[in-house]
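Structure first, then comments.
The values are calculated or read from the model by the stated rules, or taken from the named source; none is laboratory data. Since the model is a prediction, treat every value here as computed from it, not as a measurement. Every residue, glycine among them, receives a Cβ derived from its backbone with ideal geometry; neighbour counts consider all protein chains shown. For accessibility, only protein heavy atoms count, side chains too; no ligands or nucleic acids. Shrake-Rupley method; radii C 1.70, N 1.55, O 1.52, S 1.80 Å.
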Amino acid sequence: MATTVMRSLLKKGPTTKLFIDGKFVESKTSEWLDIHNPATNEVIARVPKATQEEMLAAVDSCSQSYHSWSETSILARQQIFLRYQQLIKDNIKELARSITLEQGKTLADAEGDVFRGLQVVEHTCSITSLMLGETLPSITKDMDTYTYRLPIGVCAGIAPFNFPAMIPLWMFPMGMVCGNTYLLKPSERVPACTMLLAKMLQDAGMPDGTLNIIHGQHDAVNFICDHPAIKAISFVGSNQAGEYIYERGSKNGKRVQSNMGAKNHGVVMPDANKETTLNQLVGAAFGAAGQRCMALSTAILVGEARSWLPELVERAKALRVNAGDQAGVDVGPLISPQAKERVNRLIQSGVDEGAQLLLDGRNVKVQGYENGNFVGPTIIGNVTPQMKCYTEEIFGPVLVVLEAESLDDAISLVNNNPYGNGTAIFTTNGATARKYTHKVDVGQVSVCGPMCVRTLQCLLCFLKGIQFYTQIKTVTSQWKAEDSTVKTPAVSMPTMG
Ligand code: NAD
């Protein structure tokens with residue numbers, strides 16, 4: 001701790017503010033973390049570990065503003081989000097620049113990060129139909145029943161580093177448009193984009209106190225899991241953190257949504273369109289330097305498709321590694337030197353366990369960015385299910401390749417892997433695709449295309465988001481006509497009608 005403080009005092013980057021009760025305020029903490037540009041490892045800013053008092057002030061502000069915000073008309077809430085989506089559109093380039101600076105991904109990919117988040121904000125503008133309840137008239141004589149979809153209170157979000165715009169935008173817009181107030185803890189490694197998004201939300205007319213932002217690590221997470229005013233937590237990140245937050249938050253009676261790690265398999269059948277498949281595999285394995293939960297990080301080549309491996313390697317080799325803001329870049333740096341070290345270690349573990357290193361990106365040199373966290377595209381062949389590079393999520397530009405004799409063999413490989421985020425099959429045979437989608441035990445399946453964040457987004461934000469951030473109140477009303485007065489008490493449950 002003392003070292004962190006000392007380092008920060010020595011280097012002093014600009015400070016990231018807290019957002020409490022409608023004001024961007026400097027933290028009074030003595031504990032700060034450095035934020036680095038992943039392409040150079042230079043310190044570019046500092047982020048505070050918010051104090052207990054600051055976190056309490058943030059959640060109190062959420063609690064106090066809940067009463068008026070939850071009573072604000074749905075049409076008024078919709079108007080704010082209509083203005084918000086326009087502001088995001090108008091500022092997409094500025095948001096993307098802040099993402100590339102802190103997270104490292106290419107500018108083009110950073111714009112995609114904002115764009116996918118923007119789509120969720122656009123979706124919130126349909127709140128007038130999303131919040132509809134249901135009715136069942138005449139459930140019995142003179143009795144009608146109907147449901148209201150209502151907000152649940154103060155909600156919280158805990159975000160990862162890999163999508164600084166999209167993932168916070170999965171969280172607070174959906175939560176808030178439903179009438180909840182929101183406490184957000186962005187990743188301590190990439191907070192700048194979230195702060196810009198908060199300012200834009202304020203400019204769109206969001207009342208003070210409805211969104212509060214705290215920064216920090218474990219203490220902030222524990223605070224969110226424990227504070228009784230917080231009714232629901234949305235988490236996206238690693239398994240280690242997600243399992244912990246799920247357990248601690250739900251023990252405290254909160255609704256918890258934990259979206260965690262991945263090892264997504266792409267099954268390549270020999271009848272697939274070779275050109276399209278190889279290009280899609282390379283894009284999905286190495287885009288964002290493999291730091292996507294939807295990356296296709298594992299390929300299973302079935303039968304004759306095994307002979308495509310040399311061409312896959314050639315295509316991956318052609319990708320250009322550079323800082324995210326440089327022209328023509330395909331693969332940017334990893335988030336930190338620790339992430340680079342971890343990825344390199346997992347590549348080496350494959351070699352040590354007998355896999356074949358077909359393309360080794362560990363010694364890539366990027367001129368002018370010698371201190372960056374770069375790892376070039378890497379392909380490991382002859383991988384078996386026991387190897388560490390297969391059992392662990394690598395979260396880097398590394399594609400591990402397994403081989404299978406048949407579709408059935410490929411399905412059993414995928415089903416025996418403990419991760420189940422997403423999978424893809426590449427084939428031109430409808431029956432093969434159908435069998436795969438039915439037999440594979442994975443939540444999201446993509447046919448003839450890479451895993452796509454759109455699928456995840458549809459599921460999480462469009463279909464389920466409204467359910468997560470609302471609760472149902474069921475009302476039963478019995479308006480009896482004057483001539484049907486109840487004359488005796490009914491003490492038994494009715495057996496009819
Ligand atoms: P992370 O788990 O390290 O961090 C996520 C958040 O949890 C951060 O805000 C961090 O401060 C907090 N945190 C970290 N460690 C913690 C701990 N031990 N206890 C409590 N809180 C902790 O994740 P990351 O490295 O920022 O993001 C990468 C991970 O996120 C990958 O595993 C990736 O697959 C996953 N991810 C999943 C999805 C999905 O939708 N399933 C989407 C994006 C990323």
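Measuring with a 1.4 angstrom probe and ignoring ligands and nucleic acids, SER349 comes out at about 20 Å² accessible. Charge dipole (Cα centre; +1 on Lys/Arg Cβ, -1 on Asp/Glu Cβ; no other charges) of the chain amounts to roughly 440 debye. Peptides 298-311, 322-335 ranked from most to least packed by the mean count of surrounding Cβ atoms within 10 Å: 322-335, 298-311. Only DSSP H runs of four or more residues enter the estimate; each adds -39500 (n - 2.57), and after division by the residues of the chain the mean residue ellipticity at 222 nm equals -12000 deg cm²/dmol.
What separates the Cα centres of region 431-446 and region 252-299 is a distance of 15 Å. When nucleic acids and ligands are ignored and a 1.4 Å probe is applied, HIS123 ends up with an accessible area of around 40 Å². In the chain, Cα pairs under 8 Å separated by at least six residues give a relative contact order of 17 percent. Please give the Cα centre distance for region 172-207 versus region 309-371, rounded to the nearest Å. One Cα centre to the other: 34 Å. Accessible surface of VAL343, taken over heavy atoms with a 1.4 Å probe and every protein chain present, rounds to 0 Å².
Given a 1.4 angstrom probe, what's the average accessible area per residue across the chain, in square angstrom?
Per residue, the chain has an accessible area of 44 Å².
When peptides 66-74, 173-181, 374-382, 267-275 are sorted by average Cβ neighbour count within 10 Å, with the highest value leading, the order is 173-181, 374-382, 267-275, 66-74.
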